[in-house]
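Okay, so here's the structure we're looking at.
Every read-out reported here was derived from the displayed coordinates using simple, explicitly stated rules and does not represent laboratory data. Treat the numbers as computed from the prediction; the structure is a model and nothing was measured. Neighbour counts are summed over all protein chains in view; Cβ atoms, including those assigned to glycine, are modelled from backbone coordinates with ideal geometry.
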Amino acid sequence: MRRVVCPGSFDPITNGHLDIIGRAARLYDEVTVAVLINVEKSSLFTVDERIEILQTVTKEFPNVKVRKFHGLLVDFCRQNDIPAIVKGIRVVSDFDYELQMAQLNYRMSGVETLFMPTNPEYSFLSSSRVKEIARYGGDVSGLVPDLVHKLLVERLRG
Ligand SMILES: Cc1cn(CCC(=O)O)c2ccccc12
């Protein structure tokens, strides 16, 4: 059973994240989307709201499951018998940071990291940019799943 984890905050998930998750689901037997619990960071959607959104928008992939975790990702991998991490790389600057994280994670635990180039259509996308555009009334349809678009409008524009 080939298992991988796709970690992130997903506050909220974008079409760029969903693209990587879907491609990983076609490559591996099981993909765990792991939502990081970070109490120091304020978020627009609660962890449980993000999990519910992720479960809904990944329903088409029967081998994708959604979990939450806090602390080290490699501890989550060890506890769930997951030998590898899949990271989406949008731009070269992503790679600089992700390479060091991958080397550190491997040194700590032997967990591998596989890098997947994001679809160029989404290489500018991030959750924070999407929230900023939506907050000021910009149109984010096409950048996030329809459910997220609806929830963003409700949450940010009352
Ligand atoms: C490009 C990219 C960034 N992240 C972290 C997202 C986050 O921390 O919210 C991903 C997670 C899954 C698939 C692709 C990506």
- Query: When we measure straight from the Cα of K65, which lysines land under 21 angstrom away, once same-chain ones fewer than 8 places off are left out?
  - Reply: K87
- Task: With an 8 Å cut-off on Cα pairs and a minimum separation of 6 or more residues, tell me the relative contact order of the chain in percent.
- Result: 29 percent
- Task: Highest first, please rank the peptides 59-69, 15-25 by the mean number of other Cβ atoms sitting within 10 Å of their residues.
- Result: 15-25, 59-69
- Query: Hey, what number do you get for the chain at 222 nm if only DSSP H runs of n ≥ 4 count, each worth -39500 (n - 2.57), divided across all residues, to the nearest 500?
  - Reply: -13500 deg cm²/dmol
- Note on the structure: Rounded to the nearest 10 degrees, the helix 92-109 long axis (Cα) sits at an angle to the longest Cα principal axis of the chain of 40 degrees
- Query: With a ≥ b ≥ c the root eigenvalues of the C-alpha gyration tensor of the range 69-158, is it rounded (a/c under 1.5), prolate (a/b larger than b/c) or oblate?
  - Reply: prolate
- With Cα coordinates, the longest principal axis of the chain makes an angle with the long axis of helix 47-57, in degrees rounded to 10, of 90 degrees
- Task: Please give the net charge around L143, taking every other residue with its beta carbon less than 15 angstrom from that of L143, where Lys and Arg add +1 and Asp and Glu add -1.
- Result: -1
- Dipole check, the range 3-123, charges on Cβ (K,R +1; D,E -1), about Cα centroid: among N80, S42, Y97 the Cα furthest to the positive pole belongs to N80
- Task: Whole Å is fine, so just give me how far the alpha carbon centre of the range 74-140 lies from that of the range 9-59.
- Result: 11 Å
- Message: On C-alpha positions alone, give me the angle between the axis of helix 146-157 and the longest principal axis of the chain, in degrees, nearest 10.
- Response: 60 degrees
- Excluding S93 itself, calculate the net charge of residues whose Cβ lies under 15 Å from the Cβ of S93, where each Lys or Arg counts +1 and each Asp or Glu counts -1. 0
